[in-house]
Protein chains: 2
Amino acid sequence: MALGTDYELQECALARALEVVGERWSLLIVRDAFYGVQRFNDFLAHLGIPRAVLTARLNALVAAGVLRKEPYQQAPLRHGYLLTDAGLELWGPLYQLSRWGGRHATPDGPHHLFAHVACGTDLDFVGACHTCGGGPVPPAEVVMRPNPARADGHRDDPVSRALVRPHPLLEPIASAAA
Amino acid sequence: MALGTDYELQECALARALEVVGERWSLLIVRDAFYGVQRFNDFLAHLGIPRAVLTARLNALVAAGVLRKEPYQQAPLRHGYLLTDAGLELWGPLYQLSRWGGRHATPDGPHHLFAHVACGTDLDFVGACHTCGGGPVPPAEVVMRPNPARADGHRDDPVSRALVRPHPLLEPIASAAA
DNA sequence: ACCCTTAGGTCTGGTGAATGAACCTTCGTC
DNA sequence: GACGAAGGTTCATTCACCAGACCTAAGGGT
């Protein structure tokens, strides 16, 4: 959100968080990172975001400690963007917001469903597994799959094509899944 | 966030949610509504937001079903803005995002702490009460108080002044607390 | 009658950020 | 030595945000 120029005024942890992940596209980039997207061009094609904006957001997220750059080849140097530990802790807020959007802002329900990989149970509204008990399931133990009630369509980029079948979160996807 | 013009592209509940509460200021307005802020001028003074932007955001949140207008006097007609049921369900995402901001984006820790009104226990990282067990505590049962470790300061609007002492969420605050 | 205040806005001009398209660089391959 | 992939940068245009002035409708004081 980068609320204008100075924002020290808001003495609030929420405002601080929004300065990091509240800007246009930022949270969608983080979501894609949970889906396993790592490369610039995959983010670009899946989000349909202008290149200059993607560059700016990725750099901001790296500077904020949400993502880190990890080289995957030399000559020419290429790197992917991966979630840091702080980034991984965004799973809770992100899942809950997504859940809210599925209930209150998506007429026909969500496009994707999330389940505990160990037992196959769908996550509840705080992201916990009803069957296994305990607290919220960490993202590494979550599988996403398309909602069969939604006839998926029209998107045609490598990431969207990969996501038509069940996919564990954080597992590299699209170009990086070589 | 209102991601530009057309955004039907993103077949994702998160994108839908961000269209509603992802724009600049929107989530801070919702946060203030949880704090008990109801009136236009109180939002204005507490957030330091331009009047025209506040008007636009409040109308958008009402249109999205997050807030509703409730008259509190006739002649001249005046109304406050209150959370709807859908708005109240934003407590989970909002609390978790705030919590994340307190841990990863606020150098000296959060300015406000949140506890279960029934037993005084601070909420855990998903917003549940460790003592009473069960799921997340609904906002109506939460009390906020300033963090004693933070020497609060400089803000001087009616809402900030009211929040220096413990305050139950959703209870009318500032001008509306007559 | 006159002026001031409160509450909740609208209007306007200037500025900064987002957008889409084109271009650039470094390498590997045919 | 042409071509393409990957990951950017540069550019002109559009759009949203910003601060501040102005507007309306009612009540209160003198």
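Give me the residue from the range A:29-52 that is at pLDDT below 95 and within 11 Å of chain B (Cβ to nearest Cβ) and, out of that set, nearest to DNA strand C (Cβ to nearest atom). For the range A:29-52, the residue satisfying everything is A:P50.
Residues checked against (1) assigned to a loop (DSSP other than H, G, I, E, B); (2) of a type in the set (V, I, T):
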residue: B:L82; (1), (2): no, no
residue: B:L94; (1), (2): no, no
residue: B:L97; (1), (2): no, no
residue: B:G102; (1), (2): no, no
residue: B:D108; (1), (2): yes, no
residue: B:A115; (1), (2): no, no
residue: B:C119; (1), (2): yes, no
residue: B:V126; (1), (2): yes, yes
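Can you say whether A:G109 is loosely packed, with under 15 Cβ neighbours inside 10 Å, over 17 Å from A:A33 (Cα atoms) and within 11 Å of chain B (Cβ to nearest Cβ), as far as the supplied structure shows? Judged against the criteria, A:G109 is a match. Of the residues making up the range B:18-25, none is at pLDDT below 95, in a helix (DSSP H, G or I), under 14 Å from the mean Cα position of the chain (by Cα) and under 17 Å from B:L170 (Cα atoms). The residues of the range A:41-68 that are within 8 Å of DNA strand D (Cβ to nearest atom) and either touching a strand residue (DSSP E or B) at 6+ places or on another chain (Cβ under 8 Å) or basic (K, R) (or both), listed by number, are A:R51, A:L58.
Only one of (1) within 14 Å of chain B (Cβ to nearest Cβ); (2) at positive phi is not met by A:A174, so which one is it? Of everything listed in (1) within 14 Å of chain B (Cβ to nearest Cβ); (2) at positive phi, A:A174 misses just condition (1). Among the residues of the range A:107-144, those that are closer than 14 Å to B:G135 by Cβ and not hydrophobic (A, V, I, L, M, F, W, C) comprise A:D124, A:G127, A:H130, A:G133, A:G134, A:G135, A:P136. Restricting attention to the range B:103-131, and to residues there that are out of contact with any strand residue (DSSP E or B) (no Cβ under 8 Å at 6 or more places or on another chain) and of a type in the set (A, V, I, L, M, F, W, C), which single residue is farthest from B:W91 (Cα to Cα)? The extreme case among them is B:A105. Among residues of the range B:43-62 that are within 15 Å of A:C12 (Cβ to Cβ), those with a beta-carbon under 6 Å from a residue that is of a type in the set (F, W, Y) and outside any helix (DSSP H, G or I) at least six positions away or on a different chain give the pairs B:I49/B:W25.
Among the residues examined, B:G92 does not qualify as surrounded by fewer than 19 Cβ atoms within 10 Å (Cβ to Cβ), at the interface with chain A (Cβ under 9 Å from one of its Cβ atoms) and at pLDDT 95 or above. Scanning the range B:127-154 for residues that are surrounded by 14 or more Cβ atoms within 10 Å (Cβ to Cβ), without any contact (Cβ under 8 Å) to a residue 60 or more places away in the chain and either over 20 Å from B:D85 (Cβ atoms) or small (G, A, S) (or both) gives B:G127, B:A128, B:C129, B:G135, B:V143, B:R145, B:P146, B:N147, B:R150, B:D152. The one condition from (1) more than 13 Å from chain B (Cβ to nearest Cβ); (2) modelled with pLDDT under 95; (3) not in a loop (DSSP other than H, G, I, E, B) that A:S160 does not meet is (1).
The values are calculated or read from the model by the stated rules, or taken from the named source; none is laboratory data. From a predicted model like this one, the values you see are computed outputs, not experimental measurements. In this analysis, Cβ positions are derived from the backbone assuming ideal geometry, glycine residues included, and neighbour counts consider all displayed protein chains.
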